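The values are calculated or read from the model by the stated rules, or taken from the named source; none is laboratory data. The shown structure was predicted, so the numbers you read here are calculated from the model rather than taken from an experiment. Here the Cβ is made from the backbone with ideal geometry for all residues, glycine too, and neighbour counts use every protein chain on show. Side chains included, ligands, DNA and RNA excluded: accessible areas come from the protein's heavy atoms. Shrake-Rupley method; radii C 1.70, N 1.55, O 1.52, S 1.80 Å.
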Amino acid sequence: MKAELANRMVVALKNSGIDFISHVPETRLSEMLPLLKADDTFMLVPVASEAEAVGIAAGAALAGKRAAVYMEGTGVFVSAYNLLTVGIRYGVPMLLLVSYIGSVEDQRNTFLYSQYGCRMIPQLEALGIEYRIIEDGGNIGAKVSNAVRAMHALKQPVALLFTGEFTEAQ
Amino acid sequence: MIRYNCLELLAPLVTDQIVVTSLSGQKIEWAHLSKHEGNLLVGTMGTALGVGIGLAVALPHRKVIVLESDGSVLLSLFNLPTLANLNPDNLIVFVFDNASYSGTRISEPTATAGRTDLATMARGAGIEKAVTVRDLESFQKEMTAALSENGLRFVVCKIEESKDHRNILRTDMDPLENKYLFVRYLEKSEGKPIIRSRG
């Protein structure tokens, strides 16, 4: 992701009220991580698995944080159990910031990733998780704030899947 | 040592602490012994500790107690290094280790029935105060210290496999009902809104 887009993304999260992010590092959106770390608005919690990232975000959300989980697309599969047993069963709002690895528009797609990408939407739909695919940074502020409003309205996780422009190398 | 006896000692000491339980006996017995509004009965394998960590880091001034089991911790071992590095000094983890998947009703052994030691694993992950207790007196000593002092504690409680919880009437509390009671209690005690209709 280009630096300018990473910056707009972080501003969008901040303006939407997100103040807690648990995360497992990945490649495509990683340029926003130093920006998040440098901004005191965000409590960042690095974890070892997307499964615990979801549980930790849920705990933080129940304590009053506006929580997000930043992960690679593969993390949706890893954390499916936690999304279901905690996020959905307990009705906990959280924003899933997912790099849509292996999607058709993934500018770095290869045979390594494509099998994950083509199963992402069926996986989210099976979990009953509302999602939006975001291919470009136009109106990113509105896209993020719409998703945050939806997660509070639904009281469950909502996913933003970033591909296209977001997957271009710096 | 029997888990119910441990929880009987803990329940009257819980005032404004938050208590998160895993599943099976931890949930059933705790819900039977404690009607505390700050109970979050997560009730699924491998998830209570993560939720407890999130609560602890988000509310660093509140003591958070997590009641876990050996099978549940073994299912979510990635929590141990995360917990060690976050090192929340307001979190107490009690792991009731009966070396058995007793919730299965056929009581298959867990890894702790073999060569695995959860307190050693926790120390290896970086949790300094990770200990094992094997009798009620030791449990009470650790519990008292954990409640009165700051510092992350991970207390593995080696217990006999008891099937007594199967005779306890299970709580009818729905997860959503539990969430709202819990959150409204936090809103009241923390003096801030958490769940609002408009986010």
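A few comments on the model shown:
- Flag if A:ASN82 is surrounded by fewer than 21 Cβ atoms within 10 Å (Cβ to Cβ) and out of contact with any Phe, Trp or Tyr (no Cβ under 7 Å at 6 or more places or on another chain): no
- Looking only at segment A:114-141, residues that are open to solvent by 60 Å² or more (accessible area, probe 1.4 Å), under 27 Å from A:THR85 (Cβ atoms) and more than 14 Å from the chain's Cα centre (by Cα) come to 7 in all.
- Residues (in a loop (DSSP other than H, G, I, E, B), surrounded by fewer than 18 Cβ atoms within 10 Å (Cβ to Cβ) and of a type outside the set (Lys, Arg)) located in segment B:89-118: B:ASP89, B:ILE106, B:SER107, B:GLY114, B:THR116, B:ASP117
- Segment B:145-165 - residue that is touching a residue at least 40 places away in the same chain (Cβ under 8 Å) and part of a helix (DSSP H, G or I) and, of those, farthest from B:ALA56 (Cα to Cα): B:ASP164
- Among the candidates B:GLU177, B:GLU128, residue that is within 14 Å of chain A (Cβ to nearest Cβ) and either open to solvent by 60 Å² or more (accessible area, probe 1.4 Å) or assigned to a helix (DSSP H, G or I) (or both): B:GLU177
- Lone qualifier among A:ALA61, A:ALA68, A:ALA48 - being of a type in the set (Gly, Ala, Ser) and more than 8 Å from every other protein chain (Cβ to nearest Cβ): A:ALA68
- Condition met for A:VAL10 (at pLDDT 95 or above and more than 14 Å from the chain's Cα centre (by Cα)): no
- Taking segment A:95-113 as the range and being touching a residue at least 60 places away in the same chain (Cβ under 8 Å) and either under 16 Å from A:GLY75 (Cα atoms) or open to solvent by less than 30 Å² (accessible area, probe 1.4 Å) (or both) as the test, the residues that pass are A:LEU95, A:LEU96, A:LEU97, A:VAL98, A:SER99, A:TYR100, A:ILE101, A:SER103, A:ASP106.
- Segment B:25-41 residues that are of a type in the set (Val, Ile, Thr), paired with ones that are part of a helix (DSSP H, G or I) (beta carbon under 8 Å, 6 or more apart): B:ILE28/B:HIS165
- In this entry, A:LEU83 passes the filter for residues that are closer than 24 Å to A:LEU36 by Cβ and hydrophobic (A, V, I, L, M, F, W, C).
- Residues that are more than 11 Å from chain A (Cβ to nearest Cβ), surrounded by 24 or more Cβ atoms within 10 Å (Cβ to Cβ), out of contact with any Asp or Glu (no Cβ under 7 Å at 6 or more places or on another chain) and outside any strand (DSSP E or B), drawn from segment B:37-81: B:GLY71, B:SER72, B:VAL73
- Residue in segment A:150-170 that is under 18 Å from A:ALA67 (Cβ atoms), open to solvent by 50 Å² or more (accessible area, probe 1.4 Å) and more than 12 Å from the chain's Cα centre (by Cα) present: yes
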